[in-house]
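Each value in this text was obtained by applying a stated rule to the coordinates, not by laboratory testing. Given the structure is predicted, the values throughout are model-derived calculations rather than measurements. Note that each Cβ is placed from the backbone with ideal geometry, even for glycine, and that neighbours are counted across all protein chains shown.
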Amino acid sequence: MKFLKSAGDLASRREFLLAASAAGLAATPSLRSLAQKATSTDASVSRQNDLGLGHNPTRDALLKFRPDGTVKPFAGNTVICHIPQQCRFRDGTTALHDVLAKSSFAHKLGILPPESYHMTLYPGANDQDRSLSSWPGGVPLDAPIERCSSLVKARMEAARFVGPFPLRVRVDVPRTLQFGRASTLRMVGADAAAERALRSLRDQIAEVYQYRAPDHDTYGFHVSIAYTMADLSKAEMEEYRELLRQAVERIVAETPVLELGLPEYCTFRDMYRFDPELILRAG
């Protein structure tokens, strides 16, 4: 099976033009300087995005939540691992949910219900972001999301995935505490082999979806607890960082390594619920 869209094919037009301009104008000192400055700015923005910095809300947050933090319709499909219902990791994330809901800045958040908690393996498709870099190959861009989900499900049923399962992950503490938006737990493989297994599975799922997003190889695994719908004040950010530090300390102490449930292909109508359509089959 081959990708219908390579990462190179999906590079943004702006990135392409920037690269072309930098090469073509290399002989012109003043313009070369401008090109280098733009490239440096792009790298800085990329790092800001990676750390969750910048102004709120993000486009992603606005697609999923209203400014007051109430959930919006946002239908699509995805491959995730739900957080096991009966485990100390869920207890810890639920406790984090509760302190966020009682915080002084709760009105600035779109808080997810604990029963929705999961780690995304592949974002999949949604009905509000129909671009070549986020839509399954071979599915018309104007297809109803239900039709899209049905076609992808048929592909998933026919596919076999190489594990090993269950997937083993841990909280990346430094990145979680540095992340500038409330609130996600940044996750990585429990060890080098587990990280390779996560990345390999993403590659296999991309084969089924027949597209790779521009951030495919650098995608940061995470467990979302809330979305930030407005910038936090300095005092609010200090409050958030302290309650996050305490929560993460408890979570890591009780669950240094989390064994996830089997990967599930799910559909959703909004961010409050993810309905399993099938479990990915190993073979």
Checklist line | Exceeding the 22 Å Cα-Cα cut-off - candidates K102/K234; K72/K234; K64/K234 | finding: K72/K234; K64/K234
Next item on the list: Provide H107, H97 in ascending order of the number of other Cβ atoms located within 10 Å of each residue's Cβ, fewest first.
Entry: H107, H97
Item checked: Sequence-distant aspartates and glutamates (8 or more away, or on other chains) whose Cα lies within less than 20 Å of K108 -> D60, D68, D98, D231, E236, E238, E239, E242, D270
Margin query: If amide hydrogens are placed 1.01 Å from N in the peptide plane, which non-local residues have theirs closer than 5 Å to the one on L109?
Written below: M229
Notebook entry, point to check: What's the exposure ranking of S134, S183, S103, going from fewest to most Cβ atoms within 10 Å?
Noted result: S134, S103, S183
Note to self: I'd like the distance between the alpha-carbon centres of segment 228-283 and segment 161-215, rounded to an integer number of Å.
What the structure shows: 13 Å
